[in-house]
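Asker: First, the structure itself, so that you have it in front of you.
Just so you know, all these numbers are worked out from the coordinates, no wet-lab data involved. Just so we're clear, the structure is a prediction, and the values are computed from it rather than from any experiment. As a convention, Cβ positions derive from the backbone with ideal geometry for all residues, glycine included, and neighbour counts pool all protein chains shown.
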Amino acid sequence: MQQRTFERVIEKRVGADYLLFLPQGYGDDPERRWPLILFLHGAGERGSDLSLVKRHGLPKLLEERPGDFPFIVVSPQCPEGEIWDTDVLLALLDEVCESHAVDGDRIYVTGLSMGGMGTFALALAAPHRFAAAAPVCGAGVPLQVRPEHARLPFWVFHGEMDEKVPAALSAQMVEALKAVGAEVRFTVYPGVGHDAWTPTYSNPELYRWFLQHRRAGAAT
């Protein structure tokens, strides 16, 4: 089976509405397990219309140029007026892993703006579930960073001139993560405002970086 388009999925068990992208060749080899990216959108894409999720970031890129993207991509939609709920996201991740050929040692989380905040929150809540995290123009709570977060690599992105979510908020998280020994890369785009996601998700290096990482303690 070859499939390079999104499916609309309603997961009733966890109450999450989400887009699912399956890579070319998915299902051809029943033994093959695929890496997965969980993508979290920003505040402007909340609601009950899944087409909104494709406005920015990774879902937009895959809609326009799916190519041979070698990941399963799950892009849930946050309900109007809410923020990302880590319990709901983890339950959704469990369901997708149970129903699809996911490599549990190569699960990555990324998101932009409110989704960048959700990425920090989810990665800190369950660092054992992910192989790497890439928050984009987000923010977090530095006091929540603990020694166990050293196991999870981060690549943090932000626009230097961001007036909606100041780059200093990402910088604070970067310093807190470095303080506990985490592997952290920090990319600040000179002269760029809030839209740090366009250069980030169009950069093939991000996806190569994801694939360089497996969950801490996983066999290589």
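Asker: With a 10 Å radius around each residue's Cβ, average the other Cβ atoms per peptide and rank 104-113, 42-51, highest first.
Answerer: Working: 104-113: 24.9, 42-51: 16.4.
Result, highest mean Cβ count within 10 Å first: 104-113, 42-51.
Asker: Moving on to the next point. Count the lysine pairs in the chain whose Cα atoms lie under 27 Å apart, taking only pairs 8 or more positions apart in sequence or on different chains. Could the numbers behind the result be given before it?
Answerer: Details: LYS12/LYS54; LYS12/LYS60; LYS54/LYS164; LYS60/LYS164; LYS164/LYS178.
For the chain, qualifying lysine pairs total 5.
Asker: So for the pair LYS178, GLU31, with labels modelled 7 Å out along Cα→Cβ, what separation do we get in nm?
Answerer: 4.5 nm
Asker: I need the phi-derived Karplus couplings for the stretch 50-59: 6.51 cos²θ - 1.76 cosθ + 1.60, θ = phi - 60°, integer Hz, Gly and Pro marked x.
Answerer: 5, 4, 5, 5, 8, 5, 9, x, 4, x
Asker: Amide H of PHE186: which non-local residues (sequence gap of 5 or more, or other chain) have their own amide H closer than 5 Å, using H built in the peptide plane?
Answerer: Residues meeting the amide H criterion: VAL156.
Asker: Name the residue, out of THR119, THR198, THR86, whose mean-square fluctuation peaks in a Gaussian network model built on the chain with Cα pairs under 10 Å.
Answerer: Looking only at THR119, THR198, THR86, the largest GNM fluctuation is found for THR198.
Asker: D for the chain, whole µm²/s, Stokes-Einstein with Kirkwood Rh over alpha-carbon pairs at 25 °C and 0.890 mPa s: what number?
Answerer: Details: Rh = 17.3 Å.
In µm²/s, the coefficient rounds to 142.
Asker: Shifting gears a bit: So what is the 222 nm mean residue ellipticity for the chain from helices alone, if each DSSP H run of at least 4 adds -39500 (n - 2.57) and you divide by all residues, rounding to the nearest 500 deg cm²/dmol? Each step should come with its number before you reach the end.
Answerer: Numbers: 6 runs with 60 residues, N = 220.
Computed mean residue ellipticity for the chain: -8000 deg cm²/dmol.
Asker: Just to check I understand the Karplus step: with θ = phi - 60° and J = 6.51 cos²θ - 1.76 cosθ + 1.60, what whole-Hz values come out for the stretch 189-198, glycine and proline as x?
Answerer: 8, x, x, 8, x, 5, 6, 8, 6, 4
Asker: Report the extension gain between ALA168 and LEU143 in nm, rounded to one decimal, defined as 0.36 nm multiplied by the number of residues separating them, less their alpha carbon distance. It would help to have the intermediate numbers written out before the result.
Answerer: Details: separation 25, 0.36 × 25 = 9.00 nm, distance 1.53 nm.
Taking ALA168 through LEU143 to full extension adds about 7.5 nm, to one decimal.
Asker: So what are the ³J(HN,Hα) numbers for the stretch 95-102, from phi and the Karplus equation (6.51, -1.76, 1.60; θ = phi - 60°), rounded to whole Hz, Gly and Pro as x?
Answerer: Values per residue, Gly and Pro as x: 5, 5, 5, 6, 9, 9, 7, 9 Hz.
Asker: Mind checking which of GLY81, GLY57, GLY27 has the largest fluctuation in a GNM of the chain, springs on alpha carbons under 10 Å?
Answerer: Largest GNM mean-square fluctuation: GLY81.
Asker: With 10 angstrom as the radius, rank CYS78, CYS97 by how many other C-beta atoms surround their C-beta, starting from the fewest.
Answerer: Working: CYS78 24, CYS97 18.
Ordered by Cβ neighbours within 10 Å, fewest first: CYS97, CYS78.
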